[in-house]
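Enquirer: My questions all concern the structure below.
Bear in mind these aren't lab numbers, they're just calculated from the coordinates by the rules spelled out. In this text the structure is predicted, and so the values were computed from the model without any measurement. Cβ sites come from the backbone with ideal geometry, for glycine too, and all protein chains shown count toward neighbours.
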Amino acid sequence: MIIKRAKEVFRLEAEAVSALAKKLDDNFVKAVEAISNCRGRVVVTGMGKAGIIGQKISATLASLGTPSIWLHSAEAVHGDLGRVTKEDIVIALSNSGETEETKSLIPVLKKIGAKIIAVTGNKNSSLAKFSNLVLDVSVKKEACPTSSTTAMLAMGDALAVCLVEKKGFKEKDFALFHPGGALGRKLLLKVDDIMRKGKDNPIVNEEAIVKDVLYAITEARAGSASVVNKSGKLSGIFTDGDLRRHLETDANLSRRKVKEVMTKNPVTILPEKLAVEALRILEERKIDELPVVDKKGRPAGLLDVQDVLRAGLV
């Protein structure tokens, strides 16, 4: 009997969510566009179980790049409406659309100038009537008082996911807002954690000939070599790009001193910097190798774009 009842609950709630697809209309499109263009925050409000669903919707929006706060309807009418500005959009959840606390917010929100998106099961309710947009989450039959809240949650998820695509929100953006998760931990990696060191970091004197430099690069299986002066400080970098450029015009390139053909004064980074900062430099400068130096300007490592890929930062 218990298993039978559980299956019935699953069926009713699945039907409630599935039926939402047929209820989607231009209001949903307008809601996504309005939230995407919102200069303020998305304020989600509601009472009771709808309020709890609202908290989850607000949290989902925030974690996916849409600034959002949760505002309890009862607290709102006792002073917390001061958190709402005319730049905000308010998503108000109420299955009946007649919840007193939520309904009483409407005149004040109108005066403030915030837009209201109603998520309700009653399109003829007071909440629906006075809102700017209405998202219909009505259900044919409740599993108990649960199908309606499940429908609200699904509608909120649909909004959040569509906003992700509308804004071009990427995995790295998601990781930025989840520093405690696996992706977030990757963002906390330092350059020192992923850079090439020791024998994997070829360092040559600027008096070395290109032939020997190429040997050092091949030995280290790297894409470049850091070039140092007599003081041991970085003076340049010799990359595969440098090799190709000079090969076209210099038949004696292999016997030239590397200081004559290297890239002088390359952009560098300190080992204690975050790896994501190195990624930004690689992307902005459109380069594949980034020398890592200590505070005295001496080579400490080498960061190749492949190292960034292996670390999962891209």
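Enquirer: Please give the contour-minus-distance gain from Ser96 to Lys140: 0.36 nm per residue of separation, less the Cα-Cα distance, rounded to one decimal in nm.
Expert: Residue separation times 0.36 nm, minus the Cα-Cα distance, leaves 14.5 nm.
Enquirer: Here's something else I'd like to know. Select from Leu274, Thr263, Ser68 the residue farthest towards the positive end of the dipole of the chain; place +1 on Cβ of Lys and Arg, -1 on Cβ of Asp and Glu, and compute about the Cα centre.
Expert: Of the candidates, Ser68 comes out farthest on the positive side.
Enquirer: When the Karplus curve 6.51 cos²θ - 1.76 cosθ + 1.60 is applied with θ = phi - 60°, which whole-Hz ³J(HN,Hα) does each residue of segment 125-136 get, with x for Gly and Pro?
Expert: Karplus values, whole Hz, x for Gly and Pro: 6, 4, 4, 5, 4, 9, 8, 6, 9, 10, 10, 7.
Enquirer: Same structure, new question: Report ³J(HN,Hα) in whole Hz for each residue of segment 218-234, in order, from the Karplus equation J = 6.51 cos²θ - 1.76 cosθ + 1.60 where θ = phi - 60°; Gly and Pro get x.
Expert: 5, 4, 8, 6, 10, x, 6, 9, 7, 10, 10, 8, 5, 7, x, 8, 5
Enquirer: Next question, about the same structure. Rank-order 152-158, 60-66 by packing density, defined as the average count of other C-beta atoms within 10 Å over each peptide's residues, highest first. Don't skip to the answer; put the middle values down first.
Expert: Details: 152-158: 21.3, 60-66: 19.3.
Those peptides, ordered most packed to least, come out 152-158, 60-66.
Enquirer: Continuing with the same structure: Starting from 0 in steps of 5 Å, tell me what percent of the Cα-Cα pairs of segment 2-169 lands in each bin.
Expert: Spelled out bin by bin, segment 2-169 gives 2, 9, 19, 23, 21, 14, 7, 3, 1, 1, 0 percent.
Enquirer: Quick one: if you stick a label point 7 Å off each Cα along the C-beta vector at Gln306 and Met1, how many nm between them?
Expert: 6.7 nm
Enquirer: For a quick check: with amide H placed at 1.01 Å from N, whose amide H comes under 5 Å from Gly301's, ignoring anything fewer than 5 positions away on the same chain?
Expert: Val292
Enquirer: Spelling out what I want: for every residue of segment 287-303, take phi, set θ = phi - 60°, compute 6.51 cos²θ - 1.76 cosθ + 1.60 (Karplus), and round to whole Hz; glycine and proline get x.
Expert: 10, 9, 10, 9, x, 10, 10, 7, 5, 9, x, 8, x, 10, x, 9, 10
Enquirer: With just the Cα atoms defining each centre, how far is segment 2-55 from segment 118-170? Give it in Å.
Expert: 3 Å
Enquirer: Here's something else I'd like to know. Over 25 Å between Cα atoms, which of Lys230/Lys286; Lys23/Lys111; Lys56/Lys166; Lys30/Lys141; Lys199/Lys257 qualify?
Expert: Long pairs (Cα-Cα over 25 Å): Lys230/Lys286; Lys23/Lys111; Lys30/Lys141.
Enquirer: Only Cα pairs under 8 Å and at least 6 apart count here; give the relative contact order of segment 2-169 as a rounded whole percent.
Expert: Relative contact order, segment 2-169: 27 percent.
Enquirer: What angle, in degrees between 0 and 90 and rounded to the nearest 10, separates the Cα long axis of helix 147-167 from the longest principal axis of the Cα atoms of the chain?
Expert: The answer is roughly 30 degrees.
Enquirer: Over all directions, average the projected area of the Cα convex hull of the chain and note it in nm².
Expert: Directional mean of the projected Cα hull area for the chain stands at 23.6 nm².
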